[in-house]
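Written out below as structure tokens is the structure these notes cover.
The values are calculated or read from the model by the stated rules, or taken from the named source; none is laboratory data. Predicted model, so just to flag it, every value in this text is computed and none were measured. Heads up, the Cβs are rebuilt from the backbone with ideal geometry, glycines too, and the neighbour counts pull from every protein chain shown. Areas reflect the complete protein model, heavy atoms only, side chains present, ligands, DNA and RNA absent. Shrake-Rupley method; radii C 1.70, N 1.55, O 1.52, S 1.80 Å.
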Amino acid sequence: MKVYTAHREYDYEGFDIIGVFTTKEAAENCCKEDIDNNGRVNGDSHDIEEHELQDT
């Protein structure tokens, strides 16, 4: 099973995981909607990572 993590990136300061999703599209939407009350994007950038989970 694959999961996708959406990250809010900060230059020189690392990142925060802002969500875990079962589809890449849902993770992309989370990144696009990560804005503050003034309509500005939170963080410096966003990234999505794909992870494969093992079935046991």
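Here the accessible area is traced with a 1.4 Å probe on the protein chains. For the chain, carbon and sulfur cover 44 percent of it. Report the one residue of Tyr4, Thr56, Gly39 whose Cα lies farthest in the direction of the positive end of the charge dipole of the chain (charges on C-beta: Lys and Arg +1, Asp and Glu -1; origin at the Cα centre). The residue sitting farthest along the positive end of the dipole is Gly39. Based on protein heavy atoms only, the chain ends up with 77 Å² per residue of surface accessible to a 1.4 Å probe. Which of (i) -0.42, -0.80; (ii) -0.34, -0.75; (iii) -0.45, -0.83 is the computed log10 I(q)/I(0) by the Debye sum over Cα atoms at q = 0.13, 0.21 Å⁻¹ for the structure on display? Label of the calculated value: (ii).
How high is the relative contact order of the chain, in percent, with contacts defined as C-alpha pairs under 8 Å that are six or more residues apart?
The normalised contact order for the chain reaches 48 percent.
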